[in-house]
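For reference, the structure discussed in these notes is given below.
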């Protein structure tokens, strides 16, 4: 059973949760849907400022459009592009979502 300040991952290991620690998503989940859910949880529920949701189609489309890429960027390419945005990659994703002009407000 996980303590109040940790969560249990699929390997039944407890991963500590602290505001200054970013939990590696790949250690928590194994499928794309769960990865996306974990990324959204980190951004919107835990308020993490340095999360790039590499599995989010909207973010991938926005990056393709913003950087004039011929195809959707792969996660590794996305991480390389956003390296200068650290430690505010979550904030940048809000602007990327907004750039799609499908949302009237974010948050």
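Taking a label point 7 Å from the Cα of residue 91 along the Cα→Cβ vector, which residues of segment 51-65 have an amide N closer than 19 Å to it?
Correct set: 51-53.
If you project the alpha carbons of segment 33-107 onto the principal axes, what extent comes out on each, in Å, largest first?
Principal extents (Cα only, largest first): 34, 28, 25 Å.
Any read-out appearing in this document is the output of simple, stated calculations on the displayed coordinates, not a laboratory observation. What you see is a predicted model, and the numbers here were worked out from it, not measured in a lab. With ideal geometry, Cβ positions are generated from the backbone for all residues, glycine too; neighbour counts draw on all protein chains shown.
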